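Have a look at the structure below, then the notes.
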Amino acid sequence: MTQTRRTQQMRREGTIGKLVASAIDCINELGYQGASVQIICQRAEMSQGALFRHFATKNELMKLVHSRTVDLLFDRAAADLAALPAQTPDEDKLLCMLRAMVAERYYVVLMELMMAARTQPELAILLAGDATHQRDRFIALLGTYFPAYAGNSEFVAMTLTMSTTYHGMSLYGALANSAGGSDPMPLREQWLQTILHQELARIARKGADTANPVYEVPVPAPLD
C-alpha cells in the first residue's frame, strides 16, 4: 500500500513538473496571454483534464510556475557565485549575482506574470503569497555569499536598489536587441563596478548595524 502511494505521488509530481516546464516555455515564447491552457497541455503532451485534476484554474498553475521560476533564478545565481574564483572582488560577485537574477528566459517569465497580475486580481493574490519565499531566498543568498556586509542595512538597501536597476537594464537591453540597437549594459556595469567598490569599502568600515537589517529572517552562517 505504501509503495502504491509512493508511485502515485511520483506520477503526480511528474505530471505537475511537465505542466510547469511547458508553461514556462510557452510564456517565454508566447507571453502570458498566448500561453493558453490548450497550448500548455499540447506541448506537455497531456489533456486539459490532466491539468485541471491538479489545478482548479490556470492561475493556480501560474502560481507554481512563478515559484519554480524564482527558485531557478536563485539557484542559477548561487551556482554562478559558487563557480567564481575564491579571490573574486566583492563588487564583481555582486554584479555576477545580479546578472544571474535577470537571466533572460526565466526573468521574462517572471515579468510576464507580474504584468498579467496587474490586471488580474486573482493572479495578483496568488503571486503575493510567494513574496516571503522570494524575500527569504534573497536574504539567504546575501548572508551566504556576502557575510561581511549582510548585517548592514545600507548593504541590503543598496543591493535591492541595484536589483531594480538590473531589472530596468535587462528590459531595455531586450528591447534594444529586438530593434537591432546596441546594448548599453557593459558600459553601465563598468560604472556600477566603480560605485560598488567604493560603497562596499565604506560599508565594511561601518560594520553591522542590526542583527537582521531589513527582514525578520535569520542570516545564515558564511560558507567554510
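The values are calculated or read from the model by the stated rules, or taken from the named source; none is laboratory data. Please read all numbers here as calculations on a predicted model, not as lab measurements. Cβ atoms come from the backbone with ideal geometry, glycine included; neighbour counts cover every protein chain shown.
Quick notes on this one:
- Scanning region 164-178 for residues that are surrounded by 15 or more Cβ atoms within 10 Å (Cβ to Cβ) and modelled with pLDDT of 80 or more yields 166, 167.
- Scope region 27-42; condition under 15 Å from residue 59 (Cβ atoms) and in a helix (DSSP H, G or I); matching residues: 27, 32, 33, 37, 40
- Within region 99-133, the set of residues being at pLDDT below 90 and either within 15 Å of residue 81 (Cα to Cα) or not in a helix (DSSP H, G or I) (or both) comprises 99, 101, 102, 103, 129, 130.
- Test: residue in region 80-91 that is in a helix (DSSP H, G or I), without any contact (Cβ under 8 Å) to a residue 40 or more places away in the chain, out of contact with any Leu (no Cβ under 6 Å at 6 or more places or on another chain) and crowded, with 16+ Cβ neighbours inside 10 Å: yes
- Of the numbered criteria (1) assigned to a helix (DSSP H, G or I); (2) buried (at least 17 other Cβ atoms within 10 Å of the Cβ); (3) not assigned by TED's automatic domain parsing to the domain that holds residue 22, the one residue 136 fails is (2).
- Residues located in region 92-123, provided they are in contact (Cβ under 8 Å) with a residue 40 or more places away in the chain, of a type in the set (A, V, I, L, M) and farther than 22 Å from residue 191 by Cβ: 108, 109, 110, 111, 113, 115, 116, 123
- Residue count, region 124-143 (criterion: of a type in the set (A, V, I, L, M) and free of Cβ contacts under 8 Å to residues at least 24 places away in the same chain): 4
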